[in-house]
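Report on one structure; see the data block that follows.
Coordinate-derived values only; no laboratory data. Note that the structure is predicted; figures quoted are calculated from it, not measured. Reconstructed Cβ throughout: ideal geometry from the backbone, glycine too, with neighbour counts over all protein chains shown.
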Amino acid sequence: MRREDSSYIQFRQRVPADLVGKVAGHGVVILFPAEGGDPPSAVNATIGKAEVKFSLRTRDPRVAAIRKGLAEVRLQRLYDSLRQPPRHLSTREVVALAGELYREDMALWEDNPASAAVWRKFRDAMASSRLDDEGALEREMAPFIDRLLAMRGLVIDDDSRSRLAPAVRKAIADAAVTLERRASLDYGPDLLVHQYPAWQGPEAVGGTDNKHREGPSPQLSGKAVSMRGLVDGWWQEAKAAGRSIKTHQAYSSAMDRLVEHVGHDDASRITSDHVLALKDSRLASGISPKTVKDSDLAGLKAVFGWAVANRRLASNPADGIKVQRARPIKLRDRGFTDAEAEAVLSAASCHRQGKERPKTFAAKRWVPWLCAYTGARVGEVAQLRKQDVRQQGDSWIITLTPEAGPIKNKEAREVPLHPHLVEMGFPDFVRGSAEGYLFLSPSRDGHINGPLQGLKNRLAEFGRSIVADPNVAPNHAWRHRFKTVGMEAGISERVLDAICGHAPKTVGQTYGMVTIPTKVDAIRRLPRYGA
């Protein structure tokens, strides 16, 4: 359904008859991965007396259908929990559940942890929590506990909640200790994460006895293996290896879809037929073969492969399963034409703020011009900070760095600004901007992935309102055009690659470096737009 005051598609569902009046006020957190151009997001939904409704955070009916399925699974998990007596957590489960909070904090903050002093203060604040007053501690930790329970669709008894409070306090303090190390440039092994076992929900445990056992892998000994637990284990290693949070979200969602498809969370019961059936179901629902290959199957293969390597499973049920991808029909070049480029840049120069936020207005004013003259990805430009723009001699330089946000090859590079950008006043705009990000505002937790994706979407909509041809991507077309214009201006391919951040094509091209003066000379050869 849609609300009159919102263009987003809404989720609305009746509460099961046996729970009407009993479920009101319960919260549930539903995570939506990036899909179809919509950014990843989380919905904190509160259930009413007889129905639950919330935004699916998308205008795309196809994406809405996928998110509707994810929401229904999460709600059904909560309803099943509410139909049972409140669950009593074992000590191991209390520690594992608190560990979910530790891992969430590390995923959010580890790459860019701010200052060590901040985490030292946070650690000290947790240490000073009133441990001698159980009621006060439980009230202090209540927001964190409520979020954990809502994420897992759990209803626990009062004793479990009381024991969870000090465990949550300890997990937060432990995360602050590790993040203080990271902020002090110590990225050695995480010394605390291993004290938190992976959480396994009730559906992933054989019978009622879920105590930890030593010995052979659970699959080989006939015990259940939680698929979601495997994702958690894989992520601990993948994160240390530099994999992105976006990849984690995509792979976690792929596993959630498999859990939903088979109706249980036991990896030891998954066969290749189950994975094949999921693939066929996704394709039949209209999901593109590229998404099924690069998101669903890639995620399942990676996580199950990790499980085999770590003796959690005997075999990988996703091995050998492929998606046949047809070569897409190409109707035109992927870069803007001269007329399209001039039209978009003219619209950017003439854009008026209206009711837009100042940073969104600034992005529409400057990002298209920056992309046109640098060949950078739109996300790299959209996450520019004030400190990333500097003057060197008579040239202005921007630094595109993974310190600011996602960079595809995880390598910083410096790109000179075209003299036309300087004449237009971009350095003056930077001087007059506040410290930090020029075009976006981080979320309350300091993370930029969501705000960045939202800004990229708004820039794409802005470009699409001017160039309606569906065969050209309004953000990425600048990158293709830059290479074309650069070659026409006589700039060598190696210099263009260095400016754009493309990998060298041969080992020989990795020798030596393309210097700033060389890049300055190349950028100045580019013809002016609007001239």
Least to most buried among Phe11, Phe429, by other C-beta atoms within 10 Å and fewest first, runs Phe429, Phe11
Computed over region 225-328, the distribution of all Cα-Cα distances in 10 Å bins, rounded to whole %, is 15, 51, 29, 4, 0
How far is helix 358-374 tilted off the main Cα axis of the chain, in degrees rounded to 10, range 0 to 90? 60 degrees
Extend 7 Å from the Cα of Gln391 along its Cα-to-C-beta direction; within region 423-443, residues with backbone N under 13 Å of that point are 423, 425-432
Label points 7 Å out from Cα along the Cβ direction at Ala127 and His274: separation in nm? 4.6 nm
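Between Ser184 and Gln236, what length comes free when the chain is fully extended (0.36 nm per residue of separation minus the Cα-Cα distance, one decimal in nm)?
So the extension gain works out to 16.6 nm.
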Starting with the fewest neighbours, write out Asp186, Asp80 ranked by other beta-carbon atoms found within 10 Å of each beta-carbon. Asp186, Asp80
In degrees from 0 to 90, rounded to the nearest 10, what is the angle of the helix 298-309 Cα long axis to the longest principal axis of the chain? 50 degrees
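How far, in nm, would the chain grow between His264 and Ala24 when pulled straight, counting 0.36 nm per residue and subtracting the alpha carbon separation? Don't skip to the answer; put the middle values down first.
Details: separation 240, 0.36 × 240 = 86.40 nm, distance 2.67 nm.
Computed gain between His264 and Ala24 is 83.7 nm.
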What does the extension gain come out to for Thr91 and Glu411, with contour length at 0.36 nm per residue minus their alpha carbon separation? 110.8 nm
Is it possible to state the helix-based mean residue ellipticity at 222 nm for the chain, with each DSSP H run of 4+ residues giving -39500 (n - 2.57), the sum divided by total residues, to the nearest 500 deg cm²/dmol? What is it? -15000 deg cm²/dmol
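Of Tyr529, Tyr187, Tyr437, how do they rank once you tally other Cβ atoms within 10 Å and put the fewest first?
Values: Tyr529 19, Tyr187 12, Tyr437 22.
Ordered by Cβ neighbours within 10 Å, fewest first: Tyr187, Tyr529, Tyr437.
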With angles folded into 0 to 90 degrees, how steeply does helix 134-152 sit against the dominant principal axis of the chain? Use alpha carbons for both and round to 10. 70 degrees
Normalized C-alpha radius of gyration of region 338-525, against 2.2 N^0.38 Å? 1.00
Mind checking which of Leu148, Val63, Thr46 is farthest towards the positive end of region 45-151's charge dipole, using Cβ charges of +1 (Lys, Arg) and -1 (Asp, Glu) about the Cα centre? Val63
Computed over all unlike Cα pairs, the Kirkwood hydrodynamic radius of the chain in Å stands at 25.9 Å
Along each of its three principal axes, how wide is the spread of alpha-carbon positions in region 84-199, in whole angstrom units, largest first? 47, 29, 20
Where labels lie 7 Å past Cα in the beta-carbon direction, separation of Arg524 and Lys68 in nm: 6.0 nm
In terms of Cα to Cα distance under 20 Å, which lysines are near enough to Lys456, apart from those fewer than 8 places away along the same chain? Lys246, Lys355, Lys359, Lys364, Lys386, Lys408, Lys410
How big is region 10-82 on each of its three principal axes, counting only the C-alpha atoms and giving the largest first in Å? 38, 17, 16
